[in-house]
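For reference, the structure is listed below as structure tokens.
The values are calculated or read from the model by the stated rules, or taken from the named source; none is laboratory data. What you see is a predicted model, and the numbers here were worked out from it, not measured in a lab. Neighbour counts run over all protein chains shown; Cβ positions are idealised from the backbone, glycine included.
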Amino acid sequence: MQLDFHYYATYCAAFLAGYPHEEAQQIAYSAQFTDCCSRTFLAGIRGPRAAATTQLQTELMDVRTDIPGLQDITRIWASFHFLPYDLQAEVPGRTTRKYRSKYRMICGPNGDLLEETVRLAAGKGLQAAGLAMHVLADTWAHRYFAGTPSFVINNINYYFYELVPQDGGGFSERAVRFNSNPASPDDIEEGICTATLYRMSESSIMNLGHGRAGHLPDYSFMRYRYLPAWGDYQEIRKDNPSDYYHAFCQMIFALQYLRGQRDHFVKDRYAWDAAAPYETEIREILERRQADASEDWKAFGKRLSGKEIEDFELDKYVPEYMGAGEEAKDETFLGRFILAALAQKSMVTNKIYKSGNLLAGFSVDFAEKGFQGIRDFRKLLKFAEPGTKEK
Amino acid sequence: MTAFQRIENFIIGLGMIVIAVLLAWSPEDGFIAIATILSVSMTAMGVRYLYYYATMARHMVGGKAVLYLGVIVLDFGVYSMTLIDEPRIYIVVDLIAVHTFWGIVNLLKGFREKGYGASMWKLDVGQGIGNLMMAAASLVFLHSPHILVDLYSAGLAYSGILKVISALRRTEIVYIQ
């Protein structure tokens, strides 16, 4: 997903969940910021680098794919963009443990970790809510791919067809052509898409997430069928308009829970009723063939709240953070986002580790062994203290 | 990283540093030694591909390509061992390709970091320039085996040091409920 959904659509979902305009904007900002909070950005604001929620292309090009490097990549991408669906998934046939570990990292909506993610954000403020909405939405867009470099899971081949809706109903098909020139934008009309290079290497960064399928999972209007590398030659049909509508209604449901309007967050539940009056309009936006639907979502958001949604500005909260003293940084907007990011990364890493899977590295349970490991996570001690949860 | 992986990384890193020093110490033998290392590496890569196919890639769509590649690389690695007495071409190609690639990557990363105001951009730009200078030096000293061996040894030692540092790094994530 991109700015259009993570920022503007999240704003609309938050508003429909009952948040006022200002709070909805902060949730939307946090959701989109999850795609921007890189180590490079954190270094620029002198923030803890372990709180990175994404990696820039330039960082990925330079990343070491040794064991710590791969674990670091997996922690970031699995925690925030490709939440694993089932960490105990059964793999068909006789397979090695290594293969099973990779297979179990495949992302999908409505997994147990999604419930954990949303519940973790409860009572932790708007920043944590926005971050959780990013994770939730990506489980729909990024399903069938894994947030760890893996040739045997994330590769795709020439068997990849777009399903283009026809005026009279039904779909026509055309083969998607992938090129690997990062400077050339996708040509939606011609069905040409930029994707990562084919690298026959298990740990190549080219095989991270949906890189091999380019931005197709990120376009709300896109429908396609293909053979995933892990699927034993079983075709998958991906229907983004339907998945994105599910994501939108599930975000409303989750935000209603985070706002205290629902007692529980349960997976596979959606706030259909809240979206129903606008369903036609939302579906039209999702179906429109365009690389960026920001203007449509922005206009829809304005009709909902009657207020203009600010353009996303990456540095909006930087002066507040930079200007705060060391003790006060955690109380700033970015400080709270950083705490939420550390908590999410810590939780997901722990669940992966406890499932017997070492792809995200080791997790040390503080309750059992005290504090060990990466020092940046010491901030979480304060985050977990009674009385600070509601900030 | 498990304790075993840490020890493994540490020993491999240390071994790379020792080999680099030995190569630089004795360039005449070093030249042949490097060519041997590259040939053996290619053979090992072929074996690794075959192992990768058996344990992972046989489950994937189109995984047979890994099997074919493994056979071809293994064959090429064994063949290249017969050419070890003509080692210069190995070393020059390796030096130029590797250093040019990483030089460009470092520069791109450095300029991106500069845009974000991150202080480490100078380090990356410096590394990028250093890598490109290494590639250029490999071309300039094409006919000077001693310097080529020194350049190769420097790269090997650098990789070894990074491996040792990586083995000693804190990597655990704390989980606080």
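Here are some notes:
- Those residues of the range A:124-154 which are outside any helix (DSSP H, G or I), of a type in the set (G, A, S) and away from chain B (no Cβ under 14 Å), in sequence order: A:G125, A:G147
- Count of residues meeting criterion [assigned to a helix (DSSP H, G or I), of a type in the set (S, T, Y) and closer than 30 Å to A:R75 by Cα] in the range B:135-171: 3
- Check on A:D72, surrounded by fewer than 19 Cβ atoms within 10 Å (Cβ to Cβ), of a type in the set (D, E) and farther than 24 Å from B:H59 by Cβ: no
- Residue match in the range A:219-233 (condition: under 30 Å from A:Y19 (Cα atoms) and either assigned to a helix (DSSP H, G or I) or in the same structural domain as A:A129 (by TED's automatic domain parsing) (or both)): no
- Any hit, the range A:328-339, residues being assigned to a loop (DSSP other than H, G, I, E, B) and surrounded by fewer than 21 Cβ atoms within 10 Å (Cβ to Cβ): yes
- Pick from the range A:60-92, criterion without any contact (Cβ under 8 Å) to a residue 24 or more places away in the chain and more than 24 Å from B:N106 (Cβ to Cβ), ranking: nearest to the other protein chains (Cβ to nearest Cβ): A:V91
- The set of residues from the range A:44-55 being within 12 Å of chain B (Cβ to nearest Cβ), more than 18 Å from the chain's Cα centre (by Cα) and in a loop (DSSP other than H, G, I, E, B) comprises A:I45, A:R46, A:G47.
- Selected residue (criterion: modelled with the highest pLDDT) from residues of the range A:380-391 that are part of a helix (DSSP H, G or I) and surrounded by fewer than 19 Cβ atoms within 10 Å (Cβ to Cβ): A:L381
- Of note, A:K354 satisfies the criterion of being closer than 25 Å to A:D66 by Cβ, basic (K, R) and either surrounded by 15 or more Cβ atoms within 10 Å (Cβ to Cβ) or free of Cβ contacts under 8 Å to residues at least 40 places away in the same chain (or both).
- The sole residue among B:G13, B:G77 that is out of contact with any strand residue (DSSP E or B) (no Cβ under 8 Å at 6 or more places or on another chain) and within 30 Å of A:E59 (Cβ to Cβ) is B:G13.
- Meets criteria (within 30 Å of A:Y99 (Cβ to Cβ), over 17 Å from the mean Cα position of the chain (by Cα) and more than 10 Å from chain A (Cβ to nearest Cβ)) for B:I32: no
- Restricting attention to the range B:106-134, the residues that are assigned to a helix (DSSP H, G or I), surrounded by fewer than 20 Cβ atoms within 10 Å (Cβ to Cβ) and among the hydrophobic types (A, V, I, L, M, F, W, C) total 8.
Listed here are the residues, each with its yes/no results for (1) small (G, A, S); (2) touching a residue at least 24 places away in the same chain (Cβ under 8 Å).
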{"site": "B:G130", "(1), (2)": "yes, yes"}
{"site": "B:M134", "(1), (2)": "no, yes"}
{"site": "B:F141", "(1), (2)": "no, no"}
{"site": "B:Y152", "(1), (2)": "no, yes"}
